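Participant: Pasting in a structure now, in structure tokens, and then I'll have a few things to ask.
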Amino acid sequence: MITDSLWTAFGPSPLTQEDFEYFAGRIKKLSGISMKQAKLDLIKTRLTQRLREHSYKNFSDYRNYLETLPDTHEEWQEFINILTTNKTDFFREPDHFHFLIQYILPKWLKEDKTTFHIWSAAASTGEEAYTLAMILKHYLPPGRDFKIIGTDIDTKVLKTAENAVYSLSKLHEIPDLYRDECLDIGEREAKGWFRIKAHLKEKVTFVPHNLIEASFVDDKGAPKIFDLILCRNVLIYFDKKTTELIAHKLYEHTIDQGFLFIGHSESFQGCTHSWLNHNSSIYQKAKRA
């Protein structure tokens, strides 16, 4: 163990190749995220603060500590939170939301259904889920409802999502059309912040979920089924085998003729799956015979 002054003066020792391979292997096993050699500096940078919090001088010391822990230990969740990347915005990749408004919702409104179910499968700090809530609140007529579930493997970002309070610097991401109906702008001690209005917040539930683990089930053990799933800008962190696994799992959770949005820079190309490619980043589940 070392003092803060010594740690500040010298920092951690270099991350060895052996330690890098261990950390990369563990994050792959725990989350499915593939970190190749080019991510060595990223792992070093992100784990450095955790070493300091534990007062470890060497990455090997932290590794030795992790090796003593069962997979259920809370430190593994901290390890996942540190190494996962969370970058999102309100109304990010707007083409998807235009497709929802112009194609999916009119089609759904013709059916005899009352509640539109959406899964934001890489919810991060919640901007995607609340964007969907704003759109559905605005465009669904009286008598039609919606429910949104947001999930992420990172428990820290989900706390931000549940809080539903964001810096005013993000306000420009939200079109004027939705601001009065959906946002409370902070005043006095809350100046510089805004929050999602309660009537929208109550429509969104956030829960931890690992995409590579067991299916997403309800209280009775049956798979949750959604009209639309968004799993955007997370598949880029997985290898082909893991992407294929996730594609199959998401398919299980989608209603017949339901939709899946993935990131514009992502693809199922080369993967074996049953999705119908609607366009470059929009997929549809086939109707059963």
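The values are calculated or read from the model by the stated rules, or taken from the named source; none is laboratory data. Keep in mind that this is a model prediction, so the values were computed, not measured. All Cβ positions, even for glycine, are placed from backbone atoms using ideal geometry, and neighbour counts span all protein chains on display. Note: accessible area is taken over every heavy atom of the protein model, side chains too, but ligands, DNA and RNA are not part of it. Shrake-Rupley method; radii C 1.70, N 1.55, O 1.52, S 1.80 Å.
Participant: LEU211 passes all but one of (1) at pLDDT 95 or above; (2) within 19 Å of the chain's Cα centre (by Cα); (3) not in a helix (DSSP H, G or I); which number fails?
Facilitator: Just one mismatch for LEU211, condition (1).
Participant: Please identify the pairs in which a residue from the stretch 12-37 that is closer than 18 Å to LEU245 by Cα and without any contact (Cβ under 8 Å) to a residue 40 or more places away in the chain has its Cβ atom under 9 Å from the Cβ atom of a residue that is open to solvent by 70 Å² or more (accessible area, probe 1.4 Å) and not hydroxyl-bearing (Ser, Thr, Tyr), counting only partners at least 6 apart or on another chain.
Facilitator: Filtered contacts from the stretch 12-37: LYS29/ASP71.
Participant: Of the numbered conditions (1) open to solvent by 30 Å² or more (accessible area, probe 1.4 Å); (2) part of a helix (DSSP H, G or I); (3) over 30 Å from SER167 (Cα atoms); (4) at pLDDT below 90, TRP7 satisfies every one except a single condition; which is it?
Facilitator: The one condition TRP7 does not meet is (1).
Participant: I've got another one for you. Would you say PHE116 is under 30 Å from SER280 (Cβ atoms), open to solvent by less than 60 Å² (accessible area, probe 1.4 Å) and either of a type in the set (A, V, I, L, M) or in contact with a strand residue (DSSP E or B) (Cβ under 9 Å, 6 or more places away or on another chain) (or both)?
Facilitator: Spelling it out, PHE116 is indeed under 30 Å from SER280 (Cβ atoms), open to solvent by less than 60 Å² (accessible area, probe 1.4 Å) and either of a type in the set (A, V, I, L, M) or in contact with a strand residue (DSSP E or B) (Cβ under 9 Å, 6 or more places away or on another chain) (or both).
Participant: Out of the residues in the stretch 45-64 that are over 12 Å from PHE23 (Cβ atoms) and of a type outside the set (S, T, N, Q), state the one that is farthest from the chain's Cα centre (by Cα).
Facilitator: Per the criteria, the residue is LYS57.
Yes/no per residue for (1) exposed (fewer than 13 other Cβ atoms within 10 Å of the Cβ); (2) outside any helix (DSSP H, G or I); (3) at pLDDT 90 or above:
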| site | (1), (2), (3) |
| --- | --- |
| LEU51 | no, no, no |
| ILE82 | no, no, yes |
| ASN86 | no, yes, no |
| PHE91 | no, yes, yes |
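Participant: Give the residues of the stretch 208-227 that are touching a residue at least 12 places away in the same chain (Cβ under 8 Å), open to solvent by 50 Å² or more (accessible area, probe 1.4 Å) and among the hydrophobic types (A, V, I, L, M, F, W, C), sorted by residue number.
Facilitator: Hit for the stretch 208-227 is ILE225, nothing else.
Participant: Can I ask one more? Can you confirm whether ASP239 is acidic (Asp, Glu), open to solvent by 50 Å² or more (accessible area, probe 1.4 Å) and either closer than 20 Å to PRO94 by Cα or more than 15 Å from the chain's Cα centre (by Cα) (or both)?
Facilitator: Here the answer is no, as ASP239 does not meet what is asked.
So that you can scan it fast, the table gives a plain yes or no per residue for (1) open to solvent by less than 40 Å² (accessible area, probe 1.4 Å); (2) assigned to a strand (DSSP E or B):
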| position | (1), (2) |
| --- | --- |
| ARG179 | no, no |
| GLU189 | no, no |
| ARG195 | no, yes |
| HIS199 | no, no |
| PHE206 | yes, yes |
| ILE229 | yes, yes |
| ASN233 | yes, no |
| THR243 | yes, no |
| HIS248 | no, no |
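Participant: Counting only residues that are among the aromatic types (Phe, Trp, Tyr) and touching a residue at least 40 places away in the same chain (Cβ under 8 Å), how many does the stretch 230-255 have?
Facilitator: Residues in the stretch 230-255 being among the aromatic types (Phe, Trp, Tyr) and touching a residue at least 40 places away in the same chain (Cβ under 8 Å): 2 in total.
Participant: Among the residues of the stretch 250-270, how many are open to solvent by less than 40 Å² (accessible area, probe 1.4 Å) and within 18 Å of the chain's Cα centre (by Cα)?
Facilitator: Residues flagged as open to solvent by less than 40 Å² (accessible area, probe 1.4 Å) and within 18 Å of the chain's Cα centre (by Cα) within the stretch 250-270 amount to 9.
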